[in-house]
Amino acid sequence: MAAGIENLSKVPELQRRILFTLFMLFIYRVGVHIPTPGIDSVVMAEWFDQQQGTLLGMFDMFSGGGLRGLSILALGIMPYISASIIVQLLGIVHPKFEQLQKEGEAGRHKLTQYTRYGTVVLCLIQAYFITMGVEQMQGPAGELVVMNPGLGFRLIAMITMTTGTCFLMWLGEQITERGIGNGISLIIFAGIVARMPVAVYNTMRLARTGEMAIFSLIIVLIVMVGVIGGIIFVETAQRRIPIQYPKQVRGRKVYGGQSTHMPLKINTSGVIPPIFASSIIVFPATVAQFFPDVAWLKNVSDIMNPGGVLYNVFYIVAIVFFTYFYTAVVFNPVDVADNLKKYGGYVPGIRPGKATSDFLDSVLSRLTFVGAIYLCIICVLPQVLISKANAPFYFGGTSLLIVVGVALDTMSQIESHLIARQYDGFLKMGRIKGRR
């Protein structure tokens, strides 16, 4: 790894990409600490500290701590992710969106536009409910969170928070295009990592004061190490499908057949299903948290607390659905089989065309089932154990999956840049198996 890091200095373009990514993430972290106009961020933070252990804690995790002080980036990147889910689902049920998905670059550009418009609409709706709820909040001593409540505050706050999410959306696209790694995933990654030192300090404080038993702390550490090891093992695991190309005669020369393989990951969808599932669950429950006086909304909030039975059932169902859904989006067995047939490739023992497509679909379905079970175990089981131990959300399986998964993906891209320029990667004994 030391040799790989040393080689970074020999690739100026890669250096620029890494520095650009770090600079964009620094700007994001600065924005998290800028409060929304009209908000007493200190009183808001005091009120928020009383709500730990609820879904607000998970929402704050995805917003990188922006919700705690109701910053200009309080909504985080989740509205953009929710809009992406809606647009991709429309590609299955609506002919127009399905056609756009097949039109290549032009179609993707149009779908991206629709996703942006959807993000703005979702931000305005979400910001409206949040501002309505914030106006009713009071600190421990009865101080108002909103200094001058009313229509003016609501409009300014809605516009500010919507603009903040649009800025994050642009920031993520810039990182993806001009930096290294997936910009949206890195923004979520940076938000979780930035809050982890505070979570460690609070956990140590709970252990010192006796609010958290030493035995529980040891269990949390063991679970974390086991989860990280399991994530690395599964995320780098592959099922290799052998591919054979026949001999070809060109003029008087005969070119020998080539043997290769097609790597299929156990978890093709990566960290997307937990992020999608969390965004779906967090939105309605978060709105309920801001209106504690409404009886039926309070019931929803109580039922959907992390670690609860109904919450975990919804979470598992959503993870399984999005695992299959996103895998179907990124890997089409019919197109892969057609491309193999076009270039003369075939799977030994399987006829080209539809038989190959059916074979790949069968293998992928079984792998996806295993991947979905793995994601459910990683995201739900540690969450239940940690909620019982009174540990912060940052040590749960979802946050660890995102951190480790995004880190592996980013290191894989850095290694690809190094290897493309004939330099050693980070690992001498093998290469990091990326998702691409």
Total residues in the range 153-175, condition charged (D, E, K, R) and within 16 Å of the chain's Cα centre (by Cα):
1
If you scan the range 64-108, which residues turn out to be aliphatic (A, V, I, L, M) and over 30 Å from GLU46 (Cα atoms)?
ALA83, ILE85, ILE86, VAL87, LEU89, LEU90, ILE92, VAL93, LEU100, ALA106
Could you identify the single residue in HIS109, HIS94 that is surrounded by fewer than 16 Cβ atoms within 10 Å (Cβ to Cβ) and under 25 Å from the mean Cα position of the chain (by Cα)?
HIS109
Residues that are modelled with pLDDT under 75, closer than 22 Å to ILE402 by Cβ and out of contact with any Asp or Glu (no Cβ under 9 Å at 6 or more places or on another chain), at least 2 per element: which helices (runs of 4 or more DSSP H) completely within the range 210-321 meet that?
272-289
Please state which of the following conditions ALA328 fails to meet, knowing it meets all the rest: (1) modelled with pLDDT under 85; (2) under 25 Å from LEU400 (Cβ atoms); (3) not in a loop (DSSP other than H, G, I, E, B).
(2)
Any residue in the range 340-350 that is at pLDDT below 85 and among the charged types (D, E, K, R)?
yes
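The values are calculated or read from the model by the stated rules, or taken from the named source; none is laboratory data. Source: prediction; values computed, not measured. Methodologically, a virtual Cβ is constructed for each residue, glycine included, from the backbone with ideal geometry; neighbour enumeration extends over all protein chains shown.
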